[in-house]
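Single-structure report; data block below.
Just so you know, all these numbers are worked out from the coordinates, no wet-lab data involved. As the structure is a prediction and not an experimental result, all values here were calculated from the model. Note that we place each Cβ from the backbone using ideal geometry, even for glycine, and neighbour counts take in every protein chain shown.
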Amino acid sequence: MVREPDPPVAARRRLVDWLTTPLPPPPAALRRGPTRPHAFPSRLRSPRLTSLLGVALAVAFGTCFVTGLLDHLIQHPPGWFHWPSRPVQLFRVTQGLHVATGLATIPLLGVKLWSVYPRLFRWPPVRDVAHALERLSILVLVSAGLFQLVTGVLNIALWYGPMHFYFPSAHYWTAWLAIGAILVHIGVKLPIIRAGLTRRPRETVRAGTLTRRGLLAATAGAAGVITVATIGQTVAPLAPVSLLAPRRPRTGPQNLPVNRSAAAANVRTLAVDPAYRLVLAGPAGTLRLSRDDLAALPQRTVSLPITCVEGWSASAVWTGVRLRDLMALVGADPDGHEVFAQSLETAGLYTSTTVDPAHAGDPLTLVALQLRGEPLHLDHGYPARLIAPNRPGVLQTKWLARLTVRRAS
Amino acid sequence: MRWTRRLLVGAGVGVLAYAVFGLLTDPDTALGGQVVFLAAVVVAHDAVFMPLMIAAGFVVGRFVPVRVRPALVGAAIVSLALTLTAIPFVLGRGRRPDDPSALPLNYGRGLLITLAFVWAVAAVVAWRSWRRAARRPAA
């Protein structure tokens, strides 16, 4: 008796057959230019070179993905996510690492793509459907990888003209594309990667010319030079040698950089209006506090960094009223309450933020009135701004207009 | 290894599907502009940048003496990566009149100084390998 195979098994076999049936090769006459055999004569390319660069790239993209995802979760927290207010410097480190790693990845990706460039012209272009799908995943990988680096650099250079899309959302979703394509790529290439990492082929280049080790050293050198040339925006002592840093931690009004000026936020008139009152609403009622009222409350001085999502960060000394003291004024216990902070700025992406209980209750979190012992510069949020530990700068609301204390949801 | 590979490919396809879903459903996404940019970076790299680099490598292989070639190619790689990274800063299109703390430096000058440093290091390396080769003429 002949048993028919189970229907699912038969379906799977049909799928595998469909995926792996050789496609008719294109006419040989089309095999010209870079698709000719041995069109790329460099003997520096090898699976080992590509594997080593690939491992470095996987680590770099992985680092950027994790730190970038963290920034996204902090700015758009889902219900399950809670970001602590300590360690104070943590976000500064993760976001600085995100940008520095991305910049250092530029030469890694460039040399890696050079090492596999001949594969773009392999003959036949596709063997079967499975091969076509694999090549499609490579296209996604290369495209997403280049996209992340190019848009990341354009963003820290504040050059939005070439980007006809909203950078944060595009950079975020393309990161998922890149990571997905990297996982597929590693899965497909695992045997080659393993062989490349364990076997050391003898040098095949001409004596005296650039060796594999030399090329890797140059690539690492390029990553190092780019890092030194830019890291001063995050690591202040290196600022003098970082000749290409997009920011200097000590350059700006009151020796602190500004991301959004009062003029850009269109708050210059409102911020200096003598009728300014900070509206403080809570369970016990609503208070309207002038700047003098705020200055008459117990003042605290703290040293906290401003950390921009563009990677730069700078420490500064702030003086003002503890947010938890203000919460107590309107009858709210800091535990279990959050603060909805609104700016005088009415149009823009960061006109309001929610300060979660961990940050609202932290004794370091201030409604700051002074920076380095002077009244806040208009561009730093005069008359009053929020400053909290371990938070992105875009959430440190400037030109505070209203604080609403409410039960944390 | 077979199951590791299946797991990686399966997870990767899942993540890719999530990315496509996100790109299609996020109201902040401008899909047209983004797809054009995704295509443009690949075309710029594969059809313009890489052929130019390979042509440059061919010229170096033809005309530059073998002894100084590693130092020259190494310095060229570093210079290229550095210059590409620096272009948006040198052009300074992101400068804003209301915020002098953004892009506060002279990036053209910074790039030239950093490149000078890179080529000085390369010159020292090239000179040393030249000397070493000269001392062993039989090689």
Going toward the positive end of the dipole of the protein assembly as shown, with +1 on Lys and Arg Cβ and -1 on Asp and Glu Cβ, which of A:371, A:173, A:332 do you reach last? A:173
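Please work out the Cα convex hull volume for chain B and give it in Å³ per residue. If you can, show how the numbers build up before the last one.
On the way: hull volume 31.2 nm³, N = 139.
Convex hull of Cα atoms, per residue: 224 Å³.
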Ratio of the protein assembly as shown's C-alpha Rg to 2.2 N^0.38 Å, to two decimals? 1.15
Candidates A:344, A:73, A:57; GNM for chain A (alpha-carbon contacts under 10 Å) flags as most fluctuating A:73
Step through the residues of the stretch A:48-54 one at a time and calculate ³J(HN,Hα) from phi using the Karplus curve (6.51 cos²θ - 1.76 cosθ + 1.60, θ = phi - 60°), rounding each to whole Hz and writing x for Gly and Pro. 5, 4, 5, 5, 4, 5, x
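Among A:183, A:133, which comes first, then next, by fewest other beta-carbon atoms within 10 Å?
Lowest count first: A:133, A:183.
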Rounded to two decimals, the Debye log10 I(q)/I(0) of the stretch A:9-99 (Cα scatterers, no solvent) at q = 0.18, 0.21, 0.22, 0.25 Å⁻¹ is -0.92, -1.04, -1.08, -1.18
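Take every DSSP beta bridge with both residues inside chain A and express the antiparallel ones as a percent of the total, to the nearest 5.
Values: 34 of 37 bridges.
Percent antiparallel among DSSP bridges in chain A is about 90.
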Taking the number of other C-beta atoms within 10 Å as the exposure measure, put A:356, A:325 in order starting with the fewest. A:325, A:356
Which angle from 0 to 90°, rounded to the nearest 10, does the C-alpha axis of helix B:31-43 make with the longest principal axis of chain B? 20 degrees
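How large is the helix-only mean residue ellipticity at 222 nm for chain A, computed as the sum of -39500 (n - 2.57) over DSSP H runs with n ≥ 4, divided by its residue count, in deg cm²/dmol to the nearest 500? Can you show the working numbers first?
Details: 11 runs with 175 residues, N = 409.
The helix contribution divided over chain A gives -14000 deg cm²/dmol.
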Mind pulling the angle between the C-alpha long axis of helix B:107-135 and the longest principal axis of chain B? Nearest 10 degrees, somewhere in 0 to 90. 40 degrees
I'd like the orientation of helix A:167-198 relative to chain A: the angle between its Cα long axis and the longest Cα principal axis, in ° from 0 to 90, rounded to 10. 40 degrees
Extreme residue, positive dipole direction of the protein assembly as shown, given options A:7, A:256, B:81 (C-beta unit charges): B:81
With the Cα gyration tensor of the stretch A:308-406 giving a ≥ b ≥ c as the square roots of its eigenvalues, does the rule (a/c under 1.5 for rounded; else a/b larger than b/c for prolate; else oblate) give rounded, prolate or oblate? rounded
Around residue A:234: net Lys/Arg minus Asp/Glu count, Cβ-Cβ under 12 Å: +2
With each label point set 7 Å from Cα along the Cα-Cβ vector, what nm distance links residue A:29 and residue B:135? 6.1 nm
Mean separation of Cα contacts under 8 Å (6+ apart) over length of chain A, as relative contact order %: 17 percent
Taking a crude spin-label model, label points 7 Å out from Cα along the C-beta direction, the residue A:9 to residue B:98 distance in nm is 7.2 nm
Rounded, prolate or oblate: which fits the stretch A:174-316, taking a ≥ b ≥ c as square roots of the Cα gyration tensor eigenvalues, rounded meaning a/c under 1.5, else prolate when a/b beats b/c? prolate
How much length would be gained if the chain were fully extended between residue A:16 and residue A:195, taking 0.36 nm per residue of separation minus their Cα-Cα distance, in nm to one decimal? 61.8 nm
Loop trypsin sites (Lys or Arg not before Pro), the stretch A:1-94, which have at most 12 other Cβ atoms in a 10 Å radius of their Cβ (DSSP): A:3, A:32, A:43
Placing +1 on each Lys and Arg Cβ and -1 on each Asp and Glu Cβ in the protein assembly as shown, then taking the dipole about the Cα centre, the residue among A:61, A:274, A:395 whose Cα reaches farthest towards the positive end is A:61
Compute the distance in nm between two label points, each set 7 Å from the Cα along the Cα-to-Cβ direction, one at residue A:40 and one at residue A:347. 5.0 nm
For A:140, A:339, which order do you get if you count the other beta carbons within 10 Å of each Cβ and list the fewest first? A:140, A:339
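Mean separation of Cα pairs under 8 Å and 6+ residues apart, divided by the residue count of the stretch A:255-407: what relative contact order is that in percent? Please list the in-between numbers first.
Values: 341 pairs, mean separation 45.3, N = 153.
Normalised by residue count, the contact order of the stretch A:255-407 is 30 percent.
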Under the Karplus relation 6.51 cos²θ - 1.76 cosθ + 1.60, θ = phi - 60°, what is the ordered set of whole-Hz ³J(HN,Hα) values for the stretch A:33-41, x standing for Gly and Pro? x, x, 8, 4, x, 6, 6, 10, x
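How large is the convex hull of the C-alpha atoms of the stretch A:276-359 per residue, in Å³?
Details: hull volume 10.2 nm³, N = 84.
Each residue corresponds to 121 Å³ of Cα convex hull volume.
Provide the net charge surrounding residue A:158, with neighbours chosen by a C-beta distance below 15 Å and charges set as Lys +1, Arg +1, Asp -1, Glu -1. Working shown, then result.
Working: positive: A:247, A:248, A:260, B:93, B:95, B:96; negative: A:310, B:98, B:99.
Summing Lys and Arg as +1 and Asp and Glu as -1 gives +3.
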Dipole moment magnitude, nearest 20 debye, the stretch A:43-238 about Cα centre, only Lys, Arg, Asp, Glu C-beta charged: 1040 debye
